[in-house]
Ligand SMILES: O=C(O)CCC(=O)C(=O)O
Ligand SMILES: [Fe+2]
């Protein structure tokens, strides 16, 4: 019974972080995590390499690979014109299916949450059948990489963002739609965790304040990369 009611068992349960934002710890099983990490090795080999996007003249500390679209601040293109002019890889069908499974699980968690109204799953865009992501931004963080507080606002479609974490744990800061400052909540996203933000949280500021080195479980260690963390965010660009 001790283990069943240990604090960490509750900490790993699905949780509504703010209206529209749902954390699903351990959504991906070991096999799913290892498989996605193997896909990352393929994505890295081209056609567009993992690259540090420049923001207001400064390279980001993460490197990014786009699937479906190539992202730069304020725009999405099919070709990586600022990198090597190559067309990006297509958005994989399996990722659409996985995104819908995350949305479905988030809707279920919200329906079970006594503090969320019955209208919440629909109002927050948690409808798996309607979820049509067309871009994934795949970020790699080495142990010193961070991501400053920002909004994901280059998409013209308000569909939820689905985030998946692999490798080392990070501290993820999820804030409010008004400012980069408080109120925010710091949570630890571990390998296999999913996080969804839609509806009233879709344009909330968020960032990654630190990576916790050597925290990945053995089956999800990014040994070929010298450790670190991969994050995938799926979005619907609303572009064609
Ligand atoms: O790494 C994360 O968990 C967040 C990534 C993110 O916010 C982004 O790619 O826009
Ligand atoms: Fe973001």
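List of remarks:
- Residues that are outside any loop (DSSP other than H, G, I, E, B), under 22 Å from residue 44 (Cα atoms) and within 11 Å of ligand 2 (Cβ to nearest atom) occur at least once in segment 157-175.
- Matching residues, segment 143-153, being within 18 Å of residue 168 (Cα to Cα), over 13 Å from the mean Cα position of the chain (by Cα) and near ligand 1 (Cβ under 10 Å from one of its atoms): 145, 146
- Scanning segment 18-39 for residues that are in contact with a helix residue (DSSP H, G or I) (Cβ under 8 Å, 6 or more places away or on another chain) and either in a loop (DSSP other than H, G, I, E, B) or within 23 Å of residue 159 (Cα to Cα) (or both) yields 18, 19, 20, 21, 22, 24, 25, 27, 28.
- Count of residues meeting criterion [over 14 Å from the mean Cα position of the chain (by Cα) and not in a loop (DSSP other than H, G, I, E, B)] in segment 107-142: 12
- Complete set of residues in segment 64-85 that are part of a loop (DSSP other than H, G, I, E, B) and exposed (fewer than 15 other Cβ atoms within 10 Å of the Cβ): 73, 74, 78, 81, 82, 84, 85
- Failed condition for residue 42, given (1) assigned to a helix (DSSP H, G or I); (2) in contact with a strand residue (DSSP E or B) (Cβ under 7 Å, 6 or more places away or on another chain): (2)
- Near pairs, Cβ below 9 angstrom, 6+ apart or cross-chain, from segment 220-231 (at positive phi) to any residue that is assigned to a loop (DSSP other than H, G, I, E, B) and buried (at least 21 other Cβ atoms within 10 Å of the Cβ): 227/168; 227/216; 228/168; 228/216; 228/222
- Hits in segment 71-94 - residues which are touching a residue at least 40 places away in the same chain (Cβ under 8 Å) and in contact with a strand residue (DSSP E or B) (Cβ under 6 Å, 6 or more places away or on another chain): 71, 73, 87, 88, 89, 91
- So residue 99, is it at positive phi, outside any strand (DSSP E or B) and touching a residue at least 24 places away in the same chain (Cβ under 8 Å): no
No lab work stands behind these numbers, since they all come straight from the coordinates. In this text the structure is predicted, and so the values were computed from the model without any measurement. Glycine gets a Cβ as well: all are built from the backbone with ideal geometry, and neighbour counts include every protein chain shown.
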